[in-house]
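In what follows, a structure is listed as C-alpha cells, so that the remarks can point back to it.
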Amino acid sequence: MTVPSTTQPCAGTACSKMASDSILEDLSTVWILLCSFLILSMQLGFAMLEVGSVREAHRMTVLAKNIMDSVMSTVFFWLYCQVDSNLVSESDLVQYHLLLFHSAFCATSVTITSGSMAERAHMIAYLCHAVVMAGLIYPVIATSAWASAGGLWRSEFHERFHSGYHYFDFAGSGVVHFTGGCAALVGNKLLGRRIRRSQSPIFPDEHPEAASYRTYDMRDVEGLSLQDAQQPAGGWQRRFDDPARDMTEFSGVPYLQVMGMFVLWVGWYAFNSGSTLSMKHSDGVLAGMVAWNTTMAAAGGCFGAYLFCLFFRTHLDVSILANGTLSGLVGITASCNIMTGHQSLLVGVIAGLIIFPCSSRTLKRLHMDDPVDAIAVHGGCGLWGLLSVAFSFPDCGFIEPMFGKYRSDIARVCNDDHSMAKQLVAQVWGAFTIMWWTASISIALWGLFVLSECTRAMEVQHLEKATELVGQMTTPQPVLSETLAMFRNIANQSPIARHILKEHGWTSQGFQQSMPKDLWHLRHELQLATGERADTALEISWRVAPLARRLHKCRIFREMARLRLRIPPAAELSGLGAADADGGQIAQAVRKTMLLLMEMKQSQAVHSPIRREVRELSLAMQSHEVLLQALTSSSRFRAGITKWRARRRALQSVPEHVSGQNAEESDLGVEIGAHALPATVQPPTWQLSPRRRETPSDQTSASTSQPGLNESPIPNAEELGRLLLRSFPASFPRSERSYSTDRTVSEHSAGV
C-alpha cells in the first residue's frame, strides 16, 4: 500500500492526487476484507447442505470434517505462500488482505470434496488430502491461472496455442469449483457406494407370522447385534441395489439443504464481486454488474431445475431446486464480468435444466454415490462455466470504455478480431490441465491409503480362523499341539490377532496357562476386530487384492499397513467412530432392566420369596413400559399422516416423503429415538388381557372392536428375558459368571 510521505510538504494537485490514491487503496483493502469474511461464512452453508444430505448418525462426523478442513487449508495455503507468494503479493510484498481472500477461496475448493465423500471417508485420509489440496494442488493452479508471474503450469494457461488468447476464469469456475469437483470424483470412485443394513426382525427367534410384521428398519442406528458389523455372505448391500429402500434409508432434511443453499447464495456475491480486487476507477460499477449477473444466473438455475421437475418428475424436489440454484451460480462464476443479464440468465437455465440433471443422472447410472451431488454441481457445471466463456457476447459498448482501459482481460474479449474458436481451445486446455493435475495427485495419495487398507483386510481370514479355534477350545478336551501350531501361524500372519492373543496370555510358545481364562471375551474381541479393524467395504478391493496379497506376505508391509481410506464397515453402519455392537437405545434401556433383574436374583438382601417376586414383577412391568413407550409412540397418528401423504399429488405440492435421496426422514417412518419403523409396519405391542397371542389375521377383527393395544399379551419376565437375550449380541452380559462362546463353562451358570 502506498502511503503519502509526511516528511516533505505537498501542495496543489499532486498532494490531492496522493490523498485520493491513498483513500482508494484503503477502500480497496476494506472491500477485499469484507468479501473475505463473507466467503468464509460460506463454510456454514456447506456444512448445512452436507448435514441435510447425509444420514442422521453421520452428521457430527460431517461437521467435524468441515471444521478441520477449514483449519488445515488455511494453515497449509499460508505455508505454500511462504515459498511462492506471486498470488498474494504486490511489488514483492505480501498483502495480507489478499492472503486472507485467496485462503477463503482455497477452503471452498477443499470443502467440495467433503460432501461427495461423506459417511465413508476416514478422517485421517480426508485431512491428508486437505493438506495436499491446500498446499499443492489448488495454489499451483491458482498461481498459474491468476498471478501476474510464476506458477508451475503458467505456460499451459497463457497463450498455449494462440498468441493473445489466455485461459479466462474471472472468479473460479475452473480454478475453485472444477478443481474440487475433480478431486471429489476421484475420491468417490475409490471409496465406492455407501453400505446399508439388511432388514431383520427385532426378535429373530419368534414365530414366523409374528416376525413378518415385526420387521425392524435398520436405518443408520447403532448395531443391534454383532453380526451386523460382519460382511454378509452375499456381500454388503449398497446404495442403488434397491431403489425402494434407498428412498427410505438415504434420506435427507430438505429444510437444511435450502438454508445451506441461501447461505451459499449470499456468500457468492462476495465470491464473484470481490474478485474485482479493487474499488478504484470504475471497479465499483463492475462489482455491481457482477452481482446482478450472479443473481440472474442463480434465478435461471433454479428456474431450469423447476422445468426439469415439471417435464421429467411428478413432484417438486426441493433438493433439485437447491442444487439447480447452486449450478447456476457455479456456471456464471467464470464469466460474470463479461456477460450481460440475458446471457447470465441463459447460462443459469442451461446449468439447472441440462448440465446438472444430466451429470447427476450419469453418475447414478455409473453407481457413483454422491450424497450432495457435489460432482455434478461443481464438476459438471464448473466445466460448463469455463466453456461458456467462449460463447459470451459482452456489451462492449458499455464495459470497454468504462473498464477496458484498466482491465486487459475485458479488453481482449472486446477486440474486433477476437475468435470464439481460439478462446474455446484455451478454455478446454485449461480445464484439461486442471483435471489431470488434480486427479493424478489425488490418485497417488489416496492410492496409498487404498493399498494399505486392502493389505490389512488380508488379516480377516486369519481372525476368522482364530475365532473358530477359540470356539473349539470350549470343549473339555485338552488343547492339541496342532491347535497351538495354528495359533502360532495366525500370530505371525496377523498383527491384529497377535496383539489380541498377547492380551490373553499368549507367548511365542503358547498360552501362559493351558488355555485363556475367559474364552468368551477372547472370541468376542476377535469378532469385533474383524469388523472394526480389518474388514473393508471398498468396492475396488478385489482389483487391488492381488497386489495386496503379495504385500501382505512381506512382514515389513504387513506391520506398516495401518492407514485406511474408508472407515470400517462396523463404524459406517453404526455412524460412530467405533461400532457400538452392544445395541441401540431401546436395547440399552432393556439391558439395564435385565441387569437389575439379574442383580435381584443374585442379591441376598431380599429373603422373602413373596417380596422378591413382587420386586421382580415390578421391574418386568417397568421394562414393558419402556418398550411400549419406545415402540408405540405416535405410531397410529404418524401412520395415518404418512398414508395420507402417500397419495399421488400434482406438481404444485411438495411431498416431503417423495424426494428420492433427500426425502425428509421424519415422514418416512415411525421414529423410535434414533431408530425408525416403516410407516406401513405397525410396531409390536402387548395388551393387558387376555393372555393369548393373536395372529395377524386376528388383528383386523380385534382392531375394530378395541381401539387400544390389541396385538399380543404381555410375556412374563422369564419369557421376555429369553427373547431379549436371543436378540442381543454375544457381548451382552448374561451373567457375572464366565461364558465361552454360546456355551456355559459351568452347568450352574443359568443366567436369565
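Summary of computed values
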quantity	calculated
Number of positions in region 166-219 that are open to solvent by 30 Å² or more (accessible area, probe 1.4 Å), at pLDDT 50 or above and part of a loop (DSSP other than H, G, I, E, B)	2
Residue within region 384-405 that is in contact (Cβ under 8 Å) with a residue 24 or more places away in the chain, under 25 Å from T179 (Cβ atoms), in a loop (DSSP other than H, G, I, E, B) and open to solvent by less than 50 Å² (accessible area, probe 1.4 Å) present	yes
L100, sole failed condition from (1) open to solvent by less than 30 Å² (accessible area, probe 1.4 Å); (2) closer than 27 Å to L326 by Cβ; (3) of a type outside the set (D, E); (4) in a helix (DSSP H, G or I)	(1)
Region 316-334 residues that are at negative phi, paired with ones that are open to solvent by 10 Å² or more (accessible area, probe 1.4 Å) and of a type in the set (K, R) (beta carbon under 8 Å, 6 or more apart)	I320/R313
Meets criteria (open to solvent by 10 Å² or more (accessible area, probe 1.4 Å), out of contact with any Cys (no Cβ under 6 Å at 6 or more places or on another chain) and part of a helix (DSSP H, G or I)) for L152	no
Count - residues of region 155-165 that are farther than 21 Å from Y80 by Cβ and either among the hydrophobic types (A, V, I, L, M, F, W, C) or surrounded by 15 or more Cβ atoms within 10 Å (Cβ to Cβ) (or both)	3
All positions within region 405-431 that are among the aliphatic types (A, V, I, L, M) and within 19 Å of L286 (Cβ to Cβ)	I410, A411, V413
Failed condition for H281, given (1) open to solvent by 40 Å² or more (accessible area, probe 1.4 Å); (2) out of contact with any helix residue (DSSP H, G or I) (no Cβ under 7 Å at 6 or more places or on another chain); (3) modelled with pLDDT of 95 or more	(3)
Residue that is modelled with the lowest pLDDT, among those in region 296-314 that are open to solvent by 20 Å² or more (accessible area, probe 1.4 Å) and of a type outside the set (A, V, I, L, M)	T314
Test for A322: is it over 15 Å from F308 (Cβ atoms) and open to solvent by less than 10 Å² (accessible area, probe 1.4 Å)	no
Check on M68, under 24 Å from the mean Cα position of the chain (by Cα), surrounded by fewer than 21 Cβ atoms within 10 Å (Cβ to Cβ) and in contact (Cβ under 8 Å) with a residue 24 or more places away in the chain	yes
Unmet criterion (only one of (1) of a type outside the set (S, T, N, Q); (2) at pLDDT below 90; (3) in a helix (DSSP H, G or I)) for C10	(3)
Scope region 334-362; condition open to solvent by less than 20 Å² (accessible area, probe 1.4 Å) and outside any helix (DSSP H, G or I); matching residues	A334, S335, C336, N337, I338, M339
Unmet criterion (only one of (1) open to solvent by 40 Å² or more (accessible area, probe 1.4 Å); (2) hydrophobic (A, V, I, L, M, F, W, C); (3) out of contact with any Phe, Trp or Tyr (no Cβ under 6 Å at 6 or more places or on another chain)) for V425	(3)
Of residues in region 77-94 being over 24 Å from I375 (Cβ atoms) and touching a residue at least 24 places away in the same chain (Cβ under 8 Å), the one most open to solvent (accessible area, probe 1.4 Å)	W78
Conditions (1) small (G, A, S); (2) farther than 23 Å from P495 by Cβ; (3) more than 26 Å from the chain's Cα centre (by Cα); number of the one not met by G471	(2)
Test result for I124, assigned to a helix (DSSP H, G or I), at pLDDT below 95 and farther than 22 Å from G260 by Cα	yes
Test: residue in region 363-378 that is surrounded by fewer than 19 Cβ atoms within 10 Å (Cβ to Cβ) and either among the small types (G, A, S) or not in a helix (DSSP H, G or I) (or both)	yes
Residue pairs meeting the criteria (Cβ under 9 Å; at least 6 apart or on separate chains; first among the hydroxyl-bearing types (S, T, Y), in region 150-178; second part of a loop (DSSP other than H, G, I, E, B))	Y165/E159; Y165/H418; Y165/S419; Y167/R160; S173/T333; S173/A334; S173/S335
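The values are calculated or read from the model by the stated rules, or taken from the named source; none is laboratory data. Only a predicted model underlies this, so the values are computations on that prediction, with no experimental measurement involved. Because the Cβ atoms are built from the backbone with ideal geometry, glycine has one as well, and the counts that use them run over all protein chains shown. In case anyone asks, the SASA skips ligands and DNA or RNA and just uses the protein heavy atoms, side chains included. Shrake-Rupley method; radii C 1.70, N 1.55, O 1.52, S 1.80 Å.
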